[in-house]
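Enquirer: Submitted below is the structure of interest, expressed as structure tokens.
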Amino acid sequence: MSEKIFSSKKVTNEMDTGNLTEISRKGILGIQHVIAMFGATVLVPILTGFNPAVALFSAGLGTLLFHLVTGGKVPVFLGSSFAFIPVIVAVANKFGDLRYAQGGIVTAGALYLTLSLLIKVFGPEKITSFFPPIVTGPMIVVIGLILSPTAIEMASANWMVAFVVLATVVIVSIFGKGFFKVIPILCGVVVGYIFSAIIGIVDYTPIIEAKVLSMPEFTLPKFDLGAIAIIAPIVLAVFMEHIGDITTNGAVVGKNFFKDPGLHRTLLGDGLATIMAGFIGGPANTTYGENTSVLAVTKNYNPSILRLAACIAIGISFIGKLGAVLQTIPVPVMGGVSLILFGMIASVGLRTLSDSEVDFSSNRNLIVASFILVAGIGTEFIKLKQQMGAFDGIIGIQITDNIQIVGLSLAAIIGIVVNKILPENA
């Protein structure tokens with residue numbers, strides 16, 4: 001009897017040890033995903049003025065919502081969308097209150113839901129025909145170039161610090177090995193912060209005053225048609241970004257997620273996550289390529305690990321000291337990161353055109369691209385002159401005194417219309 005009891009205890013202990021090992025392994029993998037998305041997810045709120053802790057909370061909760069809608073089949077993590085940066089900044093500058101940007105983000109999420117329904121009814125091919133690479137590529141270029149003056153302004157606060165950050169990002173991106181190659185932005189921020197501390201330009205007051213644990217500062221949105229008109233059209237660009245991310249994720253995992261659970265479900269998950277983020281004070285959510293890179297490196301495609309990462313991100317959002325550390329990151333550090341980051345956004349647009357083998361010997365394609373670039377960048381520049389009182393004419397599409405469609409919004413509308421009007425063989 002005693003031998004049987006001893007034997008059963010031994011088996012049980014071996015099973016417990018195995019379970020603990022598996023839990024530990026998943027925990028480490030989950031933390032790795034959090035690290036991969038951390039730098040980019042908190043960078044967006046730092047650049048736009050949103051609360052980083054709320055951004056982490058909304059990223060985690062948004063990821064869980066996405067997995068709920070898609071049946072837990074797609075191993076993705078949702079984080080702060082860079083595409084929304086220029087329109088959030090524009091709304092903040094115009095209205096002086098980020099809550100109006102939240103209203104625009106909620107509306108953008110609702111548009112995701114509309115696109116999801118249209119895809120369900122008409123099929124993805126008919127909807128995506130409005131957003132071919134010749135339209136989305138130049139639109140992404142416009143996003144990066146519109147942001148470039150902001151990067152220069154932040155970096156100019158201390159060019160030496162910005163250069164150290166920039167050099168670190170470049171070195172890690174090119175020469176980094178293994179997991180470090182996935183997180184060059186985070187490495188740049190860490191090195192830049194340490195260098196800034198050495199030369200004495202870091203203000204530690206927020207860290208000293210912050211509580212160890214604290215509730216993220218949630219805020220409710222405000223709605224204005226002018227703010228919505230600025231933010232909503234960005235959905236046209238991020239829609240194709242979503243398709244690209246889901247395609248890449250499926251290619252890495254070896255599954256067709258367009259069929260199961262379906263593009264309409266993945267887009268619905270993005271939409272609900274973005275609506276939630278807008279309602280609590282976070283930036284818009286989107287699927288993150290950084291985490292797809294981690295999947296490719298680790299060869300572990302278990303979606304439950306992404307859900308664990310989401311829970312970890314939610315937990316981190318309640319650590320007040322961490323949020324305070326993020327607030328102390330000097331402006332030139334973020335400027336150095338932005339110099340390469342915003343340039344890379346524009347470069348992604350060029351890569352979109354290259355990967356799709358868009359024929360620029362065709363006058364038709366040249367015309368579509370040129371209209372988008374000139375409309376987007378040109379009207380954004382004139383808008384800045386208008387704000388400084390150096391221009392008093394009408395730019396873009398003036399709907400009302402408060403609603404003006406310029407920049408990316410105007411570029412998107414013109415690009416879609418011109419692309420549909422011009423014959424394919426022109």
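Enquirer: Being assigned to a loop (DSSP other than H, G, I, E, B) and modelled with pLDDT under 90, is that true of even one residue in region 78-90?
Expert: Yes, region 78-90 has at least one match.
Enquirer: Restricting attention to region 338-366, and to residues there that are assigned to a loop (DSSP other than H, G, I, E, B) and not hydrophobic (A, V, I, L, M, F, W, C), which single residue is nearest to Ala40 (Cα to Cα)?
Expert: That would be Ser356.
Enquirer: So in region 242-270, with the set limited to residues that are in contact with a Ser or Thr (Cβ under 6 Å, 6 or more places away or on another chain) and more than 17 Å from Asn291 (Cβ to Cβ), which one is surrounded by the fewest Cβ atoms within 10 Å (Cβ to Cβ)?
Expert: Pro261
Enquirer: Still on this model: I'm trying to understand the selection: among the residues of region 27-65, which are part of a loop (DSSP other than H, G, I, E, B) and buried (at least 22 other Cβ atoms within 10 Å of the Cβ)?
Expert: Phe50, Asn51
Listed here are the residues, each with its yes/no results for (1) surrounded by fewer than 20 Cβ atoms within 10 Å (Cβ to Cβ); (2) farther than 23 Å from Pro184 by Cβ; (3) not basic (Lys, Arg).
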{"site": "Val294", "(1), (2), (3)": "no, no, yes"}
{"site": "Asn300", "(1), (2), (3)": "yes, no, yes"}
{"site": "Cys311", "(1), (2), (3)": "yes, yes, yes"}
{"site": "Gly315", "(1), (2), (3)": "yes, yes, yes"}
{"site": "Phe318", "(1), (2), (3)": "yes, yes, yes"}
{"site": "Pro330", "(1), (2), (3)": "no, no, yes"}
{"site": "Met334", "(1), (2), (3)": "no, no, yes"}
{"site": "Phe342", "(1), (2), (3)": "no, no, yes"}
{"site": "Ser356", "(1), (2), (3)": "yes, yes, yes"}
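Enquirer: Only one of (1) acidic (Asp, Glu); (2) under 30 Å from Leu267 (Cβ atoms); (3) assigned to a helix (DSSP H, G or I) fails for Glu153. Which number is that?
Expert: Evaluating Glu153 over (1) acidic (Asp, Glu); (2) under 30 Å from Leu267 (Cβ atoms); (3) assigned to a helix (DSSP H, G or I) leaves (2) as the failure.
Enquirer: Restricted to region 137-157, and to residues that are at pLDDT below 80 and under 16 Å from Arg351 (Cβ atoms), which residue is surrounded by the most Cβ atoms within 10 Å (Cβ to Cβ)?
Expert: If we take residues in region 137-157 being at pLDDT below 80 and under 16 Å from Arg351 (Cβ atoms), then Ile143 is surrounded by the most Cβ atoms within 10 Å (Cβ to Cβ).
Enquirer: Say whether the condition of being within 12 Å of Phe239 (Cα to Cα) and in a helix (DSSP H, G or I) is met by at least one residue in region 96-110.
Expert: Yes; the residues of region 96-110 include at least one that is within 12 Å of Phe239 (Cα to Cα) and in a helix (DSSP H, G or I).
Enquirer: Taking the options Ala92, Ala101, name whichever one is farther than 24 Å from Leu272 by Cβ and not aromatic (Phe, Trp, Tyr).
Expert: So the residue among Ala92, Ala101 that is farther than 24 Å from Leu272 by Cβ and not aromatic (Phe, Trp, Tyr) is Ala92.
Enquirer: Identify all residues within region 206-223 that are within 22 Å of the chain's Cα centre (by Cα) and of a type in the set (Asp, Glu); write none if there are none.
Expert: Glu217
Enquirer: Failed condition for Phe66, given (1) more than 24 Å from Gly144 (Cβ to Cβ); (2) within 13 Å of the chain's Cα centre (by Cα); (3) of a type outside the set (Ser, Thr, Tyr), with all others met?
Expert: Evaluating Phe66 over (1) more than 24 Å from Gly144 (Cβ to Cβ); (2) within 13 Å of the chain's Cα centre (by Cα); (3) of a type outside the set (Ser, Thr, Tyr) leaves (2) as the failure.
Enquirer: Looking at region 235-270 only, could you name the residues that are small (Gly, Ala, Ser) and under 17 Å from Thr128 (Cα atoms)?
Expert: Ala237, Gly244, Gly262
Enquirer: Let me ask something else. Give Val294, Val348, Val325, Val337 a once-over and let me know the one that is more than 19 Å from the chain's Cα centre (by Cα) and among the β-branched types (Val, Ile, Thr).
Expert: After ruling out the rest, the residue left standing is Val325.
Enquirer: Return a yes/no flag: does region 41-60 have any residue that is closer than 27 Å to Val253 by Cβ and in contact with a Lys or Arg (Cβ under 8 Å, 6 or more places away or on another chain).
Expert: No: zero hits.
Enquirer: If I go through region 168-202 residue by residue, how many of them are at pLDDT 90 or above and either within 12 Å of Val325 (Cβ to Cβ) or among the aromatic types (Phe, Trp, Tyr) (or both)?
Expert: 4
Enquirer: Would you check which residues across region 326-370 are among the polar types (S, T, N, Q), within 19 Å of Gly415 (Cβ to Cβ) and in contact with an Asp or Glu (Cβ under 9 Å, 6 or more places away or on another chain) and list them?
Expert: Within region 326-370, Asn365 is the sole residue that qualifies.
Enquirer: Is one or more of the residues making up region 168-181 touching a helix residue (DSSP H, G or I) at 6+ places or on another chain (Cβ under 7 Å), free of Cβ contacts under 8 Å to residues at least 24 places away in the same chain, aromatic (Phe, Trp, Tyr) and over 15 Å from Phe342 (Cβ atoms)?
Expert: yes
Enquirer: When you go through Gly109, Gly188 one by one, which is the residue that is buried (at least 22 other Cβ atoms within 10 Å of the Cβ) and touching a strand residue (DSSP E or B) at 6+ places or on another chain (Cβ under 9 Å)?
Expert: Selected residue: Gly109, the only one of Gly109, Gly188 that is buried (at least 22 other Cβ atoms within 10 Å of the Cβ) and touching a strand residue (DSSP E or B) at 6+ places or on another chain (Cβ under 9 Å).
Enquirer: Collect the residues in region 31-58 that are farther than 25 Å from Pro330 by Cβ and modelled with pLDDT under 80, keeping them in residue-number order.
Expert: Ile31, Gln32, His33
Enquirer: Also, quick follow-up: Please list, ordered by residue number, the helices (runs of 4 or more DSSP H) wholly in region 203-292 having 2 or more residues that are at pLDDT below 90 and acidic (Asp, Glu).
Expert: Where helices (runs of 4 or more DSSP H) fall fully within region 203-292 and carry at least 2 residues being at pLDDT below 90 and acidic (Asp, Glu), they are 235-253.
Enquirer: A follow-up question, please. Picking from Leu186, Leu117, which residue would you name as being part of a helix (DSSP H, G or I) and over 29 Å from Arg351 (Cα atoms)?
Expert: Leu117
The values are calculated or read from the model by the stated rules, or taken from the named source; none is laboratory data. What you are looking at is a predicted structure, and each value in this text was computed from that prediction instead of being measured. Using ideal geometry, Cβ is built from the backbone for each residue, glycine included, and neighbour counts are taken over all protein chains shown.
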